[in-house]
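Chemist: Pasting in a structure now, in structure tokens, and then I'll have a few things to ask.
The values are calculated or read from the model by the stated rules, or taken from the named source; none is laboratory data. Everything quoted here is computed from the prediction, not taken from an experiment. Every residue, glycine as well, gets a Cβ built from its backbone with ideal geometry; the counts of neighbours run over all protein chains shown. Protein only, heavy atoms only, side chains kept; ligands, DNA and RNA dropped before computing areas. Shrake-Rupley method; radii C 1.70, N 1.55, O 1.52, S 1.80 Å.
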Amino acid sequence: MSVIAEAIKAISDMFPIIDPEEDYLTIVAAEEKIAATESQRKREIEEAQANMKALVKLLEAARISSKRPASVPSEQAHAKVLNELDRTKLDLMKSISDMESHVASQEAELTKLKDEAHRLEEYDPAAEHTKELAGSA
């Protein structure tokens, strides 16, 4: 038997198990399944890319908001301003204390002068003079 005859015999033996219509339907079903899977994967990839773009925008917004705006002083400049304000506060507190001390001394002097004015208002020089004359006579 020749090689060709053996091949023909093998094909002839397989002919009862080969059904071209069933094979065609299997291939069509497989192609449909492949197309559906490809479509689903494409949709999933598009969704993932849209989600990634949204996350990139969110990341960029977070990056921008995390930076100190130009209108806000740096940490060192802010600390310097706070120190200057503290010094000013202490100077003002000392000035207020000095002024309060001055006011207290002025009030004490005013009280002393009021007492002296009251004493002078009650003092009657004519009566004093009369006492002096009566005491010397």
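Chemist: From the phi of every residue in the stretch 116-121, what ³J(HN,Hα) in whole Hz does the Karplus formula 6.51 cos²θ - 1.76 cosθ + 1.60 yield, where θ is phi - 60° and glycine or proline is x?
Modeler: 5, 5, 5, 5, 6, 5
Chemist: Under a crude label model (7 Å from the Cα following the beta-carbon direction), how far is E46 from D124 in nanometres?
Modeler: With each label placed 7 Å out from Cα toward Cβ, I get 11.8 nm.
Chemist: Now a separate question. Using mean Cβ contacts within 10 Å as the protection proxy, how do 32-40, 66-74 order, highest first?
Modeler: 32-40, 66-74
Chemist: First select every other residue whose beta carbon is under 15 angstrom from the beta carbon of A108; then total the charges, Lys and Arg +1, Asp and Glu -1.
Modeler: -3
Chemist: Could you tell me the center-to-center distance, by alpha carbons, between the stretch 64-101 and the stretch 1-38 in angstrom?
Modeler: After rounding, the separation between the Cα centres reads 89 Å.
Chemist: With a 1.4 Å probe and every protein chain kept in, tell me what percent of the accessible surface of the stretch 1-113 is carbon plus sulfur.
Modeler: Working: 6680 of 10590 Å².
After summing per-atom areas, the C and S share lands at 63 percent.
Chemist: For T37 and L55, calculate 0.36 nm times their separation in residues minus their Cα-Cα distance, and state this gained length in nm to one decimal.
Modeler: Additional length available on full extension: 3.8 nm.
Chemist: Still on this structure, I have one more. Could you run the Karplus curve 6.51 cos²θ - 1.76 cosθ + 1.60 with θ = phi - 60° over the stretch 36-44 and give me ³J(HN,Hα) per residue in whole Hz, x for Gly and Pro?
Modeler: Calculated HN-Hα couplings, in order: 5, 5, 5, 5, 5, 5, 4, 4, 5 Hz.
Chemist: Specify the angular offset, from 0 to 90 degrees and rounded to the nearest 10, of the alpha carbon long axis of helix 125-136 from the longest principal axis of the alpha carbons in the chain.
Modeler: 40
Chemist: For the chain, report the accessible area per residue in Å² (1.4 Å probe, heavy atoms, rounded to an integer).
Modeler: Solvent-accessible surface per residue comes out at 94 Å².
Chemist: Calculate one ³J(HN,Hα) per residue across the stretch 3-15 by plugging θ = phi - 60° into the Karplus curve 6.51 cos²θ - 1.76 cosθ + 1.60, and present them in order as whole Hz with x for glycine and proline.
Modeler: Once rounded to whole Hz, the list reads 5, 5, 5, 5, 5, 5, 5, 5, 5, 5, 5, 8, 4.
Chemist: Separate question: Taking N as the number of residues in the chain, what is its Cα Rg relative to 2.2 N^0.38 Å?
Modeler: 3.93
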